[in-house]
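**Student:** Dropping a structure here in structure tokens format, bear with me for questions.
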Amino acid sequence: MIEPATEKVLAEVPEAGVDDADRAVARAKAAYPAWRAMAPRDRGNALRRLAAAVEREAGKLATLEARNVGKPISDARGEVAMMVDVFNYFAGAPERLFGKTIPVAGGVDMTFREPLGVVALIVPWNFPLAIASWKVGPALAAGNTIVLKPATLTPLTAIELERIALETGLPEGVLNVVVGAGRTVGERLVQHPDVAKVAFTGSTEVGKRIGQLAAASIKRVTLELGGKSANIVFADADLEKAAASAPLAVFGNAGQDCCARSRILVERSAVDRFMRALEASVKALKVGDPLDEKTEMGPLISADQREKVASYLEDGARVAIRGSAPDGPGYWFPPTVLSPVANTDRAAREEIFGPIAAVIPFEDEADAIRIANDTVYGLSGSIWTGNAGRAMRVARALETGTISINSNNSVRVTTPFGGFKQSGIGRELGPHALEHYTELKNIFLSTT
Ligand code: NAD
């Protein structure tokens, strides 16, 4: 593992192969009957113990994550805290996996939500701990056993999570971590006959491949994929507030965020005022050492990623605002705002996954909706306006899974998160997540 802020070796991790993936699935399969049969209260308590143990090790986990991903330590701490919240939230689920009774003639009809078996969880490098928790929490609560595959660039906290889980007494085989490449270990997990479901977060391109591979055995799949979200700012909004919030809504995690609001749509009459306020907040962003408490943005994950991001400044892109970034070792890239951008430009169409925002002017409400929806993605987005009726009209018209009004917040532990269109299939977090880790069974009991 290379530390993105220093380009020095942080740790060496042996890479698993297909045989290791098979062994992990076998362990998970062996552990499944007992885990599934465990009393719901006991399964919930196992998740509570896991949450408490993660909380005890929060400092260590956050530092490891900050160094491995290059993310600000305050963000890394937030992610560990989210993992704790997610595990505690889903700890209440085993006793609340309610079924229904349905009125029928001649008997009693009941539905049950039952676990699937072994589930493979494949996660990316941008929020390794948080995204793992979104899947591990509901999967375990529902009674499944797990093989978790972190991204090869960022496996360290997943390895720690497995150790912590075993130390809290989670039965052996219930949570197995395999560190290996997507093309080998990832694809083996997706095709393994003993894996009942794949929950994947990553790029849309890999999501398509996983969908194709899983189709061969009708494997259950949930996909949380890329985004190109719109941050729509109307002239009647609190422009100062919108402009103060916009930079971290794109540049948070150095722009390596599926929810990045990387298309900032601004009503034409407000563009000049908005740009002045935006410039001040972009220039004020603190970019630097991830372990510094004051840092708001760190480096990119790798040299390859930096090269890809830099390619969006070719082709005559108009750089309107450029923030600062350190020189020297580390995969740094300054926060950058392009303006004006047409929604047909490459910077407005592709997920850049780096700190580049595109400001796109619009004429009126209908134009804003048209531009916002003119993308293959539909993950997230924001609407800034002082008009509540307009806010709701636009929110309902957007082809997007997760919308905030006068806020750039996307993710809450207790509410569903996921995408429309090519941003994915399924929802994570909140009560809906459990549907994706269970099958619905119907039982009819004759009373005649
Ligand atoms: P990626 O698709 O390259 O990799 C994600 C994971 O899939 C990694 O563990 C990788 O090893 C594995 N993988 C790669 N190829 C595979 C294959 N053929 N079969 C099985 N597994 C394979 O994504 P990334 O570069 O790690 O992450 C960035 C992407 O993730 C961005 O597109 C981003 O938008 C998306 N993302 C989405 C969400 C969301 O919730 N919607 C959240 C975070 C990131």
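The values are calculated or read from the model by the stated rules, or taken from the named source; none is laboratory data. This is a predicted model, so every value here is computed, not measured. Cβ: placed from backbone, ideal geometry, glycine included. Neighbour counts: every protein chain shown.
**Student:** Scan segment 357-376 and tell me whether some residue there is of a type in the set (S, T, N, Q) and under 16 Å from Glu314 (Cα atoms).
**Tutor:** No: segment 357-376 contains no residue that is of a type in the set (S, T, N, Q) and under 16 Å from Glu314 (Cα atoms).
**Student:** Hey, any hits in segment 84-94 for a residue that's in a helix (DSSP H, G or I), over 22 Å from Arg36 (Cα atoms) and either outside the structural domain of Thr438 (by TED's automatic domain parsing) or among the hydrophobic types (A, V, I, L, M, F, W, C) (or both)?
**Tutor:** Yes, segment 84-94 contains at least one residue that is in a helix (DSSP H, G or I), over 22 Å from Arg36 (Cα atoms) and either outside the structural domain of Thr438 (by TED's automatic domain parsing) or among the hydrophobic types (A, V, I, L, M, F, W, C) (or both).
**Student:** Hey, Ser217 hits all of (1) part of a loop (DSSP other than H, G, I, E, B); (2) assigned by TED's automatic domain parsing to the domain that holds Arg318 but one; which does it fall short on?
**Tutor:** (2)
This table checks each residue for (1) in contact (Cβ under 8 Å) with a residue 24 or more places away in the chain; (2) under 14 Å from the mean Cα position of the chain (by Cα).
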position	(1), (2)
Val195	yes, no
Ala199	yes, yes
Gly202	yes, yes
Ala215	no, no
Ala230	yes, no
Asp238	yes, no
Val250	yes, no
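**Student:** Kindly indicate whether Ile210 is more than 28 Å from Ala51 (Cα to Cα), away from the ligand (no atom under 13 Å from the Cβ) and not acidic (Asp, Glu).
**Tutor:** Judged against the criteria, Ile210 is not a match.
**Student:** Additional query: Output the qualifying pairs, or none if there are none: Cβ atoms under 6 angstrom, residues six or more apart or on different chains, first residue in segment 170-191 and closer than 11 Å to Val147 by Cβ and among the charged types (D, E, K, R), second residue within 15 Å of the ligand (Cβ to nearest atom) and in a helix (DSSP H, G or I).
**Tutor:** From residues that are closer than 11 Å to Val147 by Cβ and among the charged types (D, E, K, R), the pairs are Arg188/Val18; Arg188/Ala21.
**Student:** Do you know which of the residues in segment 399-448 that are surrounded by 19 or more Cβ atoms within 10 Å (Cβ to Cβ) and among the charged types (D, E, K, R) is nearest to the ligand (Cβ to nearest atom)?
**Tutor:** Glu428
**Student:** Do you know which residues across segment 291-310 are under 15 Å from Pro329 (Cβ atoms) and touching a strand residue (DSSP E or B) at 6+ places or on another chain (Cβ under 8 Å)?
**Tutor:** Those that are under 15 Å from Pro329 (Cβ atoms) and touching a strand residue (DSSP E or B) at 6+ places or on another chain (Cβ under 8 Å): Gly298, Ser302.
**Student:** In segment 239-248, is there at least one residue being in a loop (DSSP other than H, G, I, E, B) and either surrounded by fewer than 23 Cβ atoms within 10 Å (Cβ to Cβ) or within 12 Å of the ligand (Cβ to nearest atom) (or both)?
**Tutor:** no
**Student:** Sticking with this one: Kindly indicate whether any position in segment 176-188 is of a type in the set (Lys, Arg), crowded, with 22+ Cβ neighbours inside 10 Å and over 20 Å from the mean Cα position of the chain (by Cα).
**Tutor:** Yes, because at least one residue in segment 176-188 is of a type in the set (Lys, Arg), crowded, with 22+ Cβ neighbours inside 10 Å and over 20 Å from the mean Cα position of the chain (by Cα).
**Student:** Moving on to the next point. Mind listing whichever residues of segment 148-184 are more than 15 Å from the ligand (Cβ to nearest atom) and part of a loop (DSSP other than H, G, I, E, B)?
**Tutor:** Listed by number, the residues that qualify are Thr168, Gly169, Leu170, Pro171, Glu172, Gly173, Val174.
**Student:** Mind telling me which of the residues Thr145, Thr111 ends up being more than 16 Å from the ligand (Cβ to nearest atom) and either under 18 Å from Val69 (Cα atoms) or surrounded by fewer than 24 Cβ atoms within 10 Å (Cβ to Cβ) (or both)?
**Tutor:** Unique residue meeting the criteria: Thr111.
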